[in-house]
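Asker: Before I ask anything, let me first share the structure, which is written out below as structure tokens.
Each reported figure results from applying straightforward, stated rules to the coordinates on display, with no laboratory input. Predicted model only: the values in this text are computed from it and were never measured. All Cβ positions, even for glycine, are placed from backbone atoms using ideal geometry, and neighbour counts span all protein chains on display.
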Amino acid sequence: NGIRFWYNVGAQGSLYTGNQSVDLNKVIISTSNNTVFVSNATENVIVTNINGQRVKISTALQAAKGIQLSTGLYIVKSGEFVQKVLVK
């Protein structure tokens with residue numbers, strides 16, 4: 001008696017929802033009141049219209065605070081991430 005055992009335990013894994021894994025560092029785009037918000041971007045954010053014309057270029061920090069756009073369909077790109085966005 002008087003003998004103690006201890007173990008250092010660590011965990012490593014992925015977060016899953018249903019059948020898809022969730023990447024917590026993925027760029028997230030949301031819209032509200034003619035404003036596009038881009039979260040988790042690490043590079044400049046480029047917004048083009050559906051004709052391919054650049055509409056806005058902003059830093060990742062500015063994009064997180066919101067990019068004002070008029071109503072329409074846009075393509076948002078940051079690094080390798082590209083997504084179509086509908087602004088109402």
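Asker: Once you list every other residue whose beta carbon is under 11 Å from the beta carbon of Ile29, what net charge do they have if Lys and Arg are +1 and Asp and Glu are -1?
Answerer: On the way: positive: Lys26, Lys77, Lys84; negative: none.
Counting the neighbours of Ile29, the net charge comes to +3.
Asker: Just subtract the alpha-carbon distance of Asn51 and Thr71 from 0.36 nm times their residue separation and send over the number in nm, one decimal. Intermediate values should be presented prior to the final figure.
Answerer: On the way: separation 20, 0.36 × 20 = 7.20 nm, distance 1.48 nm.
Contour length minus Cα-Cα distance gives 5.7 nm.
Asker: Now for a separate question. What is the list of residues in the stretch 29-50 whose amide nitrogen lies under 12 Å from a point 7 angstrom out from the Cα of Ala64, following Cα to Cβ?
Answerer: Only 38-43 fall inside the zone, counting backbone N under 12 Å.
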